[in-house]
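Participant: Input: one structure, supplied below.
Coordinate-derived values only; no laboratory data. This structure is a prediction, so every number in the text was calculated from the model and none was measured. Because the Cβ atoms are built from the backbone with ideal geometry, glycine has one as well, and the counts that use them run over all protein chains shown.
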Amino acid sequence: MNQILSRRTLLQAAGALVVSFTLAPRGAEAKSVAADEVDAFLAIDAQGLVTVYSGKVDLGTGVRTALTQIAAEELDVPLSRVNVIEGDTALTPDQGPTYGSLSIQNGGMQIRRAASTARAALLRLASTRLGVAEADLLTADGVVRPRAGGEGIGYGALIGAGGFALKLDKDVPAKNPESYRVVGTSVARLDIPDKVTGRFTFMHDVRVEGMVHARVVRPPALGATLLEVDETSVQAIPGIIKVVRVGNFLAVVAGSEWGAIRGARALKARWSDWQGLPEQARLWEHVRGTKVVKDDVTSNVGDAPAALAAGAKRLAATYDFPIHTHGSIGPSCAVAELRDGRLTVWTASQMTHALRKQIAAMLGMKPDDVRCIYVEGAGCYGRNGHEDAAGDAALLARETGRPVRVQWSRADEHGWDPKGPPTLIDLAGALDADGNVVAWHSNFFVPQGAAGNVPLVAAELAALAHETVMAPGNIIQNSALPYAFPAIRTVCHRLETTPFRPSWIRTPGRMQNTYANECFLDELAAAAAADPIALRRRYLKDPRGLDLIERLVALANWQPRPSPARGQTAAVARGRGVSYVKYELVRTYIGAIAEVEVDRATGTIHVARVFVAHDCGQIINPDGLRNQIEGNIIQTVSRVLKEELTFDRGAVTSLDWASYPILTFPEAPEVVIDLIDRPAEKPWGAGEPSAAVVPAAISNAVFDATGVRLRSVPFTPARVKAALGTI
């Protein structure tokens, strides 16, 4: 008998969760996961309880609560009667990976369309059953009633758990925002109570009957070859089950996690030498010298080279943004079980449908014989090690014939997760004699590739089938400008290689590109002796963007003047900096003003406050949106002030929190937010955009405070002191 684990059951479980079930049946009995069918997105049982099936998952962002609100609003049912199942490839439609700030903008709107179609169908059924015209019926609390009063009929009685068998109807109108009662209100996060009280089941808590534990023994260098293994070196350790070797993939399997850890530490293996990474001290020379395989001209207005040459005042600068690791607080984990030729993987992956295909390819299986089930893990905001841990577990389940749990270590996570690639940007601009911007020319050096699958490290080590395409995300976005200068040329040089497996990290490309653009615009404003916001207003023609800037000015009580601030002689200098972007030039508007304090003696930067004006259209959950913005700001302040991957010629060397520091609680800034709600507009994303404006706002604020321009992230005390020593 098939057993399907519901998300409600999972959330209600206490402590370690023991699961045992098989894949959903094939054929006509299997639940629909077709993205154009209502039944793929929702079901209503005989008691009127609504189950929503979401291909997008909650990575700790609160999106599950927002999706619950969307469905409850559109179906006119109480929140308490809606349950959301996420990221189960046997049950949920493929809505694409959970990335790009698209969970609400795309995934949520598909669920809204499914709910609108379902509600219209329920009205039709009720019209027939009650003998009342559809126009004379209304829905409330999961019941269809005549507007004139009288007996109603519940959704459960109407649909009877039989399914809708309908395509999504793009012509069915959604509810009028003026009638919203749930969407637009601050609903408390549904997951927080169990997380606070310790009842929540994370990926790391999942247990399967008969499960064993494994640790992968990583090569000492990324490209090293396994030459020899002495399996007798672990024979004396209690509970060792097997040493698994597939090509350069090496692991120890044991009856307990501690046994696997001991075995991995004790196993004697000999590896070849490998020194294929560039010297870190010469990283930017390496990036600039890497072969360019393609140029993307992202904007071309007027004749920028000619206008640049003719300018009365010309400026040039180079900005760089380092390699970052995801630094998930909890290392990655996964469980896999191969039974009767079918594989089940429990994973915290943000892309279970894509992972299913990757694992199937790696093991030579049909995708229909692989099921990936999302269980929330440590937040990742990009493709970290969750997918790789799943690949490890899947390969080991095949090799052992047992359910296998793989728990990464901190060194695994920092050393082997995919990395945010380095970005190098050259900019040039010109002003006329009156201080007007007459030319802008920029060149971005970024990896090739676009959004897609990052190869699984297990597949690479084992020399099994895997994709070799680099996939750092659509990182050319926001290289183009939101400003109407008379001559602009922006070019992204796509590089053939990058030092590490590249992946998305929160706001990929958009952060780095906006950082360079908004800092350099500040340089032009300073050269023109213009107020930084006044210069932006002059060239911003978008009324919605201008409205946001006005709201930001009021929020922060901005006092117009050129930067840097004059007459500062105190040991701690204070300044303010601004940054603005329209995300990808097509959606969410963001503006930020950072207030910083720079200790001249130590070089330490403290970001005291960040003011944010945010317009993402229709707001689903204001409190949840504030959570997202605050998280964006704090995480990005950490990335800007502290974070940088270190490595030698063979491997990552920043393998712990001492060598890869992140922001601490006392260092977190106050975040002051103005949410601009536009209920009649479509909702846009909020998981990434506000991060894009943070680096430039900090750099510009440091310039305002000290007159020193910081162009290399992170802005460490050593770099600040070195820069201050030049003035």
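Participant: Suppose each label sits 7 Å from its Cα in the direction of the beta carbon; what would the ALA534-VAL172 distance come out to in nanometres?
Facilitator: Going by the 7 Å Cα→Cβ label model, 5.6 nm.
Participant: Give a quick list of chymotrypsin sites (Phe, Trp or Tyr not before Pro) in the stretch 156-242 that DSSP marks as loop, anything other than H, G, I, E or B, with at most 16 other Cβ atoms within 10 Å.
Facilitator: TYR180, PHE202
Participant: Limiting things to C-alpha atoms, what are the Rg and the maximum Cα-Cα separation (Dmax) for the stretch 612-664, in angstroms?
Facilitator: 16.3, 49
Participant: Counting pairwise Cα distances across the stretch 505-724, what percent come out greater than 22 angstrom?
Facilitator: Counting every Cα pair in the stretch 505-724, those more than 22 Å apart make up 49 percent.
Participant: Also, quick follow-up: On full extension of the chain, what length is gained from GLU151 through SER179, given 0.36 nm per residue of separation minus the C-alpha to C-alpha distance?
Facilitator: Full-extension gain reported as 7.8 nm.
Participant: For every other residue with a beta carbon closer than 14 angstrom to the beta carbon of ARG147, add +1 if it is Lys or Arg and -1 if Asp or Glu, then tell me the sum. It would help to have the intermediate numbers written out before the result.
Facilitator: Details: positive: ARG145; negative: ASP76, GLU134, ASP136, GLU151.
So the surrounding residues net to -3.
Participant: May I ask you to derive the FRET efficiency for PHE202 and LEU546 from their Cβ-Cβ distance with R0 = 45 Å, giving the value to the nearest 0.05? If you can, show how the numbers build up before the last one.
Facilitator: Values: r = 44 Å, r/R0 = 0.99.
Computed FRET efficiency for PHE202 and LEU546: 0.50.
Participant: Test of understanding: ordering MET351, MET109 by Cβ neighbours within 10 Å, fewest first, what list do you get?
Facilitator: By the 10 Å Cβ count, ascending: MET109, MET351.
Participant: Please tell me the relative contact order of the chain in percent, rounded to the nearest whole number, where contacts are Cα pairs under 8 Å and at least six residues apart.
Facilitator: 14 percent
Participant: Now, a different point. What longest range of the chain stays clear of loop-exposed trypsin sites (Lys or Arg not before Pro) (DSSP non-H/G/I/E/B, at most 15 other C-beta within 10 angstrom)?
Facilitator: Value returned for the longest uninterrupted segment is 292-540.
Participant: How about LYS366: which aspartates and glutamates have a C-alpha closer than 13 Å to its C-alpha, ignoring those fewer than 8 places off in the same chain?
Facilitator: Output for LYS366: empty list, no partners.
Participant: Follow-up. Which whole-number percent is the relative contact order of the stretch 268-357 (Cα, under 8 Å, 6+ apart)?
Facilitator: Values: 21 pairs, mean separation 10.0, N = 90.
That works out to 11 percent.
Participant: Using DSSP, restrict attention to beta bridges with both residues in the chain and report what percent are antiparallel, rounded to the nearest 5.
Facilitator: Among the beta bridges of the chain, antiparallel pairing accounts for roughly 70 percent.
Participant: Sticking with this one: Give me the extension gain from THR128 to SER80: residue separation times 0.36 nm, minus the current Cα-Cα distance, reported in nm with one decimal. Show your work: numbers first, answer last.
Facilitator: Values: separation 48, 0.36 × 48 = 17.28 nm, distance 2.84 nm.
Extra length from THR128 to SER80 when fully extended: 14.4 nm.
Participant: Would you list which lysines come within 30 Å of LYS721, measuring only between C-alpha atoms, while excluding same-chain residues fewer than 8 positions from it?
Facilitator: Straight-distance partners of LYS721: LYS313, LYS419, LYS642.
Participant: Right, here's the next one. Run the numbers for ALA433 and ALA608: contour at 0.36 nm per residue of separation, minus the present Cα-Cα distance, in nm.
Facilitator: That pair, ALA433 and ALA608, stretches by 59.3 nm at full extension.
Participant: Show me the GluC sites (Glu not before Pro) within the stretch 209-307 that DSSP assigns to loop and that have at most 14 other Cβ atoms within 10 Å of their Cβ.
Facilitator: GLU209, GLU279
Participant: Kindly rank 85-92, 589-596 from highest to lowest mean number of other beta carbons found within 10 Å of each residue.
Facilitator: 589-596, 85-92
Participant: With 20 Å as the limit, write out which pairs from LYS170/LYS357; LYS175/LYS682; LYS242/LYS268; LYS31/LYS175; LYS175/LYS582; LYS56/LYS682 have Cα-Cα distances beyond it, or answer none.
Facilitator: LYS170/LYS357; LYS31/LYS175; LYS175/LYS582
Participant: Just the Cα atoms of the stretch 31-197, one point each, no solvent: what log10 I(q)/I(0) does Debye give at q = 0.08, 0.12, 0.19 Å⁻¹?
Facilitator: -0.23, -0.51, -1.24
Participant: Oh, and also: Can you give me the span-like helices of the chain, meaning DSSP H runs with 27 Å or more of Cα extent along the axis and Kyte-Doolittle mean at or above 0.0?
Facilitator: The qualifying helices are 109-130.
Participant: For the chain, what is the mean residue ellipticity at 222 nm derived from helices alone (per DSSP H run of n ≥ 4: -39500 (n - 2.57); sum divided by total residues; nearest 500 deg cm²/dmol)?
Facilitator: -8500 deg cm²/dmol
Participant: What relative contact order, as a whole-number percentage, does the stretch 31-197 give when Cα pairs under 8 Å and 6 or more residues apart are counted?
Facilitator: Relative contact order comes out at 31 percent.
Participant: If Rh is defined by the Kirkwood formula over all Cα pairs and Rg also comes from Cα, what ratio Rg/Rh do you get for the stretch 192-247?
Facilitator: Over the Cα atoms of the stretch 192-247, Rg/Rh equals 1.15.
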